Amino acid sequence: MENLFIYGSLQDPTVQSELLGRRLEGKFALLDNHVLMRDWPVEGKAYPRLWPHSAGCVIGQVVELTIEELEILDRYETDAYERTDVYIKDIGPVQTYYYNRKK
């Protein structure tokens with residue numbers, strides 16, 4: 001199982017059920033040194049993205065997923081986001097979806 005910090009539409013139980021066939025049981029988590037921005041248009045919609053900020057904190061959840069489930073979420077997030085490592089206090093290293101800076 002892999003740990004993933006989720007903060008946007010992936011927290012929606014309907015999205016989880018549609019993509020993975022189940023609702024995720026997450027653990028409340030705070031990602032320090034980031035803020036959540038909604039100014040990044042993808043196909044005409046403004047999607048949330050993490051942005052580094054020394055005084056920021058983003059509320060989300062850490063969920064456990066199989067490799068197969070992560071691959072499903074990778075396809076859902078498209079190449080607009082990339083999975084990367086972050087550190088969650090009291091939990092440790094996890095992955096999250098970060099906007100694709102190269103795109």
Subject >> In order through segment 76-83: 3J(HN,Hα) via Karplus (6.51 cos²θ - 1.76 cosθ + 1.60), integer Hz, x for Gly, Pro >> reply: 4, 6, 6, 7, 5, 10, 10, 7
**OP:** Pick out, in residue order, every one of the trypsin sites (Lys or Arg not before Pro) in segment 1-33 that is DSSP loop and has at most 16 other C-beta atoms within 10 Å; say none if there are none.
**Re:** Arg22, Arg23
**OP:** Please name whichever of Tyr7, Ser54, Ile88 sits farthest to the positive end of the charge dipole of the chain, dipole taken about the Cα centre and charges placed at Cβ: Lys and Arg +1, Asp and Glu -1.
**Re:** Ser54
Original post:
What nm distance separates the two modelled labels at Arg83 and Gln61, each placed 7 Å from Cα along Cα→Cβ?
Top reply: 1.8 nm
Subject >> Charge dipole (debye, nearest 20) of the chain; +1 at Cβ of Lys and Arg, -1 at Cβ of Asp and Glu >> reply: 380 debye
**OP:** Sort Arg49, Arg75 so the one with the fewest other Cβ atoms within 10 Å of its own Cβ comes first.
**Re:** Arg75, Arg49
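No lab work stands behind these numbers, since they all come straight from the coordinates. What you see is a predicted model, and the numbers here were worked out from it, not measured in a lab. Because the Cβ atoms are built from the backbone with ideal geometry, glycine has one as well, and the counts that use them run over all protein chains shown.
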